[in-house]
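Take a look at the structure below.
No value in this document is a laboratory result; all are computed from the given coordinates. Computed from a predicted structure; not experimentally measured. Methodologically, a virtual Cβ is constructed for each residue, glycine included, from the backbone with ideal geometry; neighbour enumeration extends over all protein chains shown.
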Amino acid sequence: MRWVFVGTSHDTPQFAAENIAHWWRQCGQKHYPEADHLFILADSGGSNGARVRMWKWTLQKQVADPFGLTLTVSHLPTGASKWNPIEHRLFSEISKHWAGQPLDSYQTIIDLIGSTTTQTGLHVRSQLIRKHYPTKCKVSNAEFKTIHLDPHAILPAWNYSIFPDKNRN
């Protein structure tokens, strides 16, 4: 099962990270109950960019800490998102499915994404997120230091792990 979250607000780091948390609550925990680690493949630009401090901080606060998950994040190099397997396996099928359809409402978009299937077993679930996400939010240096961030030896700006806070509730 693949999930696509469609937002009515802005594509912010909070939107991206909170939807990973939302997916984990609704699907990930059910299908992977023993998991203590989550791998995230991300682009290098936009809301989940490799240099975006709010992305890392929100992953810590919304995903790693609440669920006790170690997150390993790998970013594709700038301009290389066309090689992202999700682009090929998911979004290409969604685009083919809604080709020629007027996307005149959120409900139409949700319905078309959610009814995307393939003969090889792809099924897509779609959900509308109406929460407002303000732009230009900043993470202070003090807040950034609370992230349990471990850059990897190879390409540390693009590959890192975030560990859950051991003092979480």
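Mind checking which aspartates and glutamates have their C-alpha under 13 Å from LYS96, skipping anything on the same chain fewer than 8 residues away?
Hits, sequence-local ones excluded: GLU87.
Dipole of the range 65-169, Cα-centred, from +1 at each Lys and Arg C-beta and -1 at each Asp and Glu C-beta, to the nearest 20 debye?
My answer is approximately 180 debye.
Would you tally the net charge around SER126, using a Cβ to Cβ cut-off of less than 10 Å, leaving SER126 out, and scoring K and R as +1, D and E as -1?
+1
Dipole size in debye (nearest 20) for the range 26-77 around its Cα centre, Lys and Arg Cβ +1, Asp and Glu Cβ -1?
Using only the charged Cβ atoms, the result is roughly 240 debye.
Kirkwood hydrodynamic radius (Cα pairs, Å) of the chain?
17.2
Specify the residue with the greatest mean-square fluctuation among GLY68, GLY114, GLY100, computed from a Gaussian network of the chain linking alpha-carbon atoms under 10 Å apart.
GLY100
Which percent, nearest 5, of DSSP beta bridges in the chain are antiparallel?
40
Using Cα positions and a limit of under 22 Å, work out the lysines in reach of LYS138, with same-chain residues fewer than 8 apart set aside.
Within the straight-line cut-off, LYS138 pairs with LYS56, LYS61.
Pick out which of SER74, SER44, SER95 has the largest mean-square fluctuation in a Gaussian network model of the chain, springs linking Cα atoms closer than 10 Å.
Most flexible of the set in this elastic network: SER95.
Hey, what do the phi angles of the range 104-118 turn into as Karplus ³J(HN,Hα) couplings, whole Hz, using 6.51/-1.76/1.60 and θ = phi - 60°, x for Gly and Pro?
9, 7, 4, 4, 4, 4, 4, 5, 5, 5, x, 9, 6, 9, 9
Most fluctuating residue of ASP104, ASP150, ASP43 in a GNM of the chain with Cα springs under 10 Å: which is it?
Largest GNM mean-square fluctuation: ASP104.
Once Rh for the range 1-61 is found with the Kirkwood sum over Cα pairs, what is the Stokes-Einstein diffusion coefficient at 37 °C and 0.692 mPa s, in µm²/s?
Answer, rounded: 263 µm²/s.
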